Structure formats: structure tokens, C-alpha cells
Amino acid sequence: MDRRESLKALALGTLSVGTILSATGCEDKKNTGEAKAGNTPGYGRTPDEALRDKGLMEEKFFTAEEMKTITILADIIIPADEHSGSASDAKVPEFIEFIVKDIPEHQLPMRGGLRWLDVQCAKRYNKSFAECSPEQRIAVVDLIAYPEKAAPENSQGVAFFNRMRSLTATGFFTSKIGIKDLGYVGNTPNEWDGVPADVLKQYGYAYDEKTLATCLKIEDRGKIMTWD
């Protein structure tokens with residue numbers, strides 16, 4: 001199983017609304033002003049939640065250079081393939097920028113880890129991670145991507161990459177691109193064509209024409225029923 005398939009299996013095993021919603025570790029701050037909906041396309045929010053999200057989206061935590069490194073790392077973790085786009089295609093870097101503001105506990109480990117990468121690259125190649133060649137980047141990533149093989153002196157980098165990998169997988173597999181890649185279609189109605197005819201006959205029952213026409217049309221099972 002390759003890296004992408006491993007991440008996909010992990011996502012399939014944990015994908016649920018409860019998991020996603022419980023990932024927020026924010027304080028319950030009261031808002032005394034009038035809440036106005038922010039730009040939160042694709043998901044529902046109460047006015048207070050939309051106002052909070054709007055404030056987070058207007059802030060910037062990572063520098064442009066840090067975002068460049070995050071984008072490179074995310075695409076190393078989940079590159080584009082014949083099935084779907086890359087992590088950056090799914091806007092994972094933007095997700096990470098948002099989530100570290102939503103959950104501030106991520107901020108110090110993420111910024112420290114990005115700095116660790118640049119220091120290691122400076123020692124080896126006299127340049128930042130983003131300035132390194134693809135081969136040089138992979139050489140550094142290989143030092144921290146496999147915890148069981150990593151040297152003790154690289155423990156900070158391992159902890160950072162574990163966090164980065166988790167955030168990347170979360171952002172990707174909860175995006176439209178990632179959900180399509182998983183083949184996850186959510187809850188869909190099963191086909192049900194009523195009580196078997198032999199059982200109805202055994203108990204002396206039969207469907208009337210109205211019930212057959214209204215309730216047992218398999219092609220309409222995805223529609224919301226209107227009852228009279």
C-alpha cells in the first residue's frame with residue numbers, strides 16, 4: 001500500500017461529522033455585537049459562528065514564505081495522481097492557515113517545525129527548504145517521515161511532520177476533491193420494494209394501487225416524501 005492509499009484508509013476509518021466537529025478546541029467567547037455572516041461557503045453557520053469565522057479568515061498567521069513551505073510539504077504528502085488533484089489543489093494550505101487560528105495549540109509546533117526544516121536545509125545545502133531542489137527536499141523529509149527509523153536528534157522534526165501529515169490528510173479528505181477520491185457518497189436510501197408477495201399472501205394482505213404508485217417507486221427513493 002502506498003502513502004496515498006494509507007492516508008485514504010485512515011480517512012475512511014475516521015470520516016464522520018462528529019470527528020470533524022469535535023476537532024475544534026476553541027474557547028466559548030461571547031459576542032455582544034450584532035453578528036453578520038462571514039464568507040463561509042459550503043457549510044452552515046449560526047450568525048455568531050459565521051462572525052467568528054469571518055474574523056479568523058481576515059487574520060494572517062503564516063508568512064508568505066511559511067505558506068510556500070506548507071504548500072510544498074502538503075504536495076509531497078499528497079501529490080496529484082491519475083485519480084485526483086494534489087493537496088494544494090484541494091486548498092489544504094488554506095485549510096491549515098485557518099485551523100491554526102481556530103485551534104491556537106497548533107501555532108507554536110507548526111511554526112517551530114517550519115523553522116526546524118529551514119535550519120536543517122541551511123546546514124546541509126545553505127538554503128531554505130523552499131529554495132532547495134525537489135531531491136534535496138525529499139532527502140530532508142525522509143529524515144522525519146518514518147518515526148520508527150528516525151534518529152533521536154530529529155525528534156522535533158518527526159513530531160512536526162506527524163502533525164503536518166495529519167492536518168494535510170484531514171484537510172484533503174474533507175475537501176470536495178478528497179471526498180470524491182475516497183468514493184464516499186454519504187448516506188443513500190437502500191432499495192426496498194415492499195413486503196414480499198408471498199408474505200403478504202400468507203397473511204391475507206395486499207398493497208392498494210395508491211400505495212404502490214406512491215411509496216414503492218424505487219427510482220424516487222432519493223426524493224423527500226410529501227404526505228397527505
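Annotations for the structure displayed:
For every residue, the table says whether it meets (1) surrounded by fewer than 17 Cβ atoms within 10 Å (Cβ to Cβ); (2) among the acidic types (D, E); (3) at pLDDT below 95; (4) closer than 17 Å to K176 by Cβ.
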position	(1), (2), (3), (4)
K60	yes, no, yes, no
T63	yes, no, no, no
M67	no, no, no, no
I70	no, no, no, no
A74	no, no, no, yes
D81	yes, yes, yes, yes
P93	no, no, no, yes
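- Highlighted here are the helices (runs of 4 or more DSSP H) found entirely within the range 104-223 that include at least 2 residues which are surrounded by 15 or more Cβ atoms within 10 Å (Cβ to Cβ), modelled with pLDDT of 95 or more and in contact with a Cys (Cβ under 6 Å, 6 or more places away or on another chain): 107-125.
- Under the condition of being more than 15 Å from E66 (Cβ to Cβ) and of a type in the set (G, A, S), the residues counted in the range 82-125 number 6.
- Residues of the range 156-202 that are of a type in the set (G, A, S) and touching a residue at least 60 places away in the same chain (Cβ under 8 Å): A169, G171, S175, G178.
Let's see how each residue does on (1) charged (D, E, K, R); (2) not assigned by TED's automatic domain parsing to the domain that holds V92:
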| residue | (1), (2) |
| --- | --- |
| A122 | no, no |
| A130 | no, no |
| I138 | no, no |
| D142 | yes, no |
| M164 | no, no |
| N187 | no, yes |
| P196 | no, yes |
| T214 | no, yes |
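The values are calculated or read from the model by the stated rules, or taken from the named source; none is laboratory data. Here the structure is a predicted model, which is why all the values come from computation and not from measurement. In this analysis, Cβ positions are derived from the backbone assuming ideal geometry, glycine residues included, and neighbour counts consider all displayed protein chains.
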